[in-house]
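Q: Below are the structure tokens for one structure; questions will follow.
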Amino acid sequence: EQVARDIFARAQELRVVNPDADEATIAQEPDSIAGFKFYLSFFELLGSNASDLLNERAVVHILEDRFGNVQYQGIHEEPITSADQFLHLIRRAASLRRTEATFKNETSSRSHAICHLRSVNLRLPQAEDGHLFIIDLAGSENNADSLHHDKARLAETREINKSLMTLKDCIRNRALATIQHKRHVHIPYRTSKLTTILKDAFELESARQCRAIVIAHVSPNIMDSAHSANTLRYAGPIKVATPTEPLPVDPDNPVTWSHEQIHNWIRQTSKLVPPEVLCPTETGVQLCRLTEAEFLMRCMSCKGMTEKRAKAFYLKLWELIVDARVKHRKVKAAPKKTKAQEEAIGNNMFLGNMRQDRMDQEMMTPEQLKKEREEMSEKYRKMDTMMREQRAKRERVEEERRKRVAEEEELRQTQEEIAAEV
């Protein structure tokens with residue numbers, strides 16, 4: 001209810017005045033509030049199965065597109081214009097949520113309820129749509145809770161606990177990744193549809209700035225103290241991380257280009273397609289998300305542009321995208337140099353500098369040459385000392401390892417002798 005009350009007031013406060021926007025057209029846009037449009041969808045999730053609660057429980061498929069964005073195939077979005085309409089739709093959808101009687105609760109939720117609010121900024125068409133997810137998680141159940149369940153309830157319990165455990169792993173690993181910057185931490189958000197929906201909050205390389213708030217419900221009853229402690233342990237690993245920085249602009253990757261940059265590329269690449277026709281308001285990533293049919297239709301609306309030329313233009317854009325992705329993957333997959341390799345590279349550079357110095361010696365006076373030789377001797381001495389210390393360190397480590405192996409072998413033999421005597 002607080003979200004329903006505040007969302008429209010915040011839209012008035014946060015609206016951006018764009019001097020290039022047509023305010024008269026925006027004001028006449030149906031279902032617009034302060035230059036924004038809001039769309040509401042509500043569905044429930046059990047395992048990998050999602051049902052639309054605003055469209056007679058129609059099946060919803062949760063998928064990722066070619067850019068890694070989560071899409072909801074078959075979902076019905078309802079435009080909302082007031083807090084009362086917002087609350088009415090939520091109550092209507094909540095009344096259709098799947099509940100069953102269990103040993104602990106007569107109306108136990110048997111699915112996760114997900115309310116998705118999408119906002120469109122009419123004054124800044126190049127801005128990404130905003131997304132707000134309000135998720136009511138189904139409660140986890142232990143063996144004692146599910147003791148009296150039938151086969152169907154047990155299957156639901158397994159799916160609920162599995163998704164909650166995946167969410168817990170994602171929360172914990174995301175917190176570890178925030179603390180340990182140099183260590184690779186895998187976040188298994190694709191294991192469950194629930195965490196796939198929250199991909200932008202878990203993915204380390206996400207360009208979308210996200211904020212997550214978790215509200216943990218605990219019971220004051222002493223009989224439920226174990227459940228309350230588990231709930232607090234579940235929510236404990238959540239850490240407050242700084243907002244993710246946006247993707248840096250890559251001159252070779254159209255996905256990172258701004259509206260002006262994509263216009264410049266179109267002018268340089270094609271003389272037949274005006275940028276104002278192909279992408280009047282879109283940024284680079286928005287243009288790349290257009291379907292091939294939409295892209296070709298816009299190009300072919302230009303004079304002198306044939307289907308063959310439009311297809312070639314489309315492939316030229318995607319050639320840049322693929323090359324940028326391959327380059328990014330190669331950089332990520334490149335093995336990191338060890339400390340020994342870095343020292344070897346430094347030594348080679350040092351030796352190269354000395355060879356260059358040797359070539360310059362013919363131009364030196366006797367005093368300069370003597371001083372240069374002394375400095376070079378000092379450098380050689382330091383290098384020899386460093387190599388001796390490294391060799392001694394390796395020998396100490398190897399000696400400790402041999403001693404440890406010998407002690408373990410002696411302990412094993414002693415244990416075998418004691419066991420034989422017993």
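The values are calculated or read from the model by the stated rules, or taken from the named source; none is laboratory data. Not measured: the values here are computed from a predicted model. Glycine gets a Cβ as well: all are built from the backbone with ideal geometry, and neighbour counts include every protein chain shown. Heavy atoms of the whole protein, side chains included, go into the accessibility calculation; ligands, DNA and RNA do not. Shrake-Rupley method; radii C 1.70, N 1.55, O 1.52, S 1.80 Å.
Q: Quote the FRET efficiency, to the nearest 0.05, computed for GLN2 versus ALA312 with a Förster distance R0 of 45 Å and r equal to the Cβ-Cβ distance.
A: After rounding, the FRET efficiency stands at 0.25.
Q: Order ILE160, ILE90 by their accessible area, 1.4 angstrom probe, all chains in place, largest first.
A: Ranking ILE160, ILE90 by accessible area, largest first, yields ILE90, ILE160.
Q: For ALA50, list long-range residues whose amide hydrogen, built 1.01 Å from N in the peptide plane, is under 5 Å from its own amide hydrogen.
A: Excluding prolines and chain starts, which carry no amide H, the hits are VAL60.
Q: Given a 1.4 Å probe and heavy atoms of the protein chains only, how would you sort LEU164, LEU315, LEU154, largest accessible area at the top?
A: Result, largest first: LEU315, LEU154, LEU164.
Q: Can you give the accessible area of ARG174, probe radius 1.4 Å, in Å² rounded to 10?
A: 50
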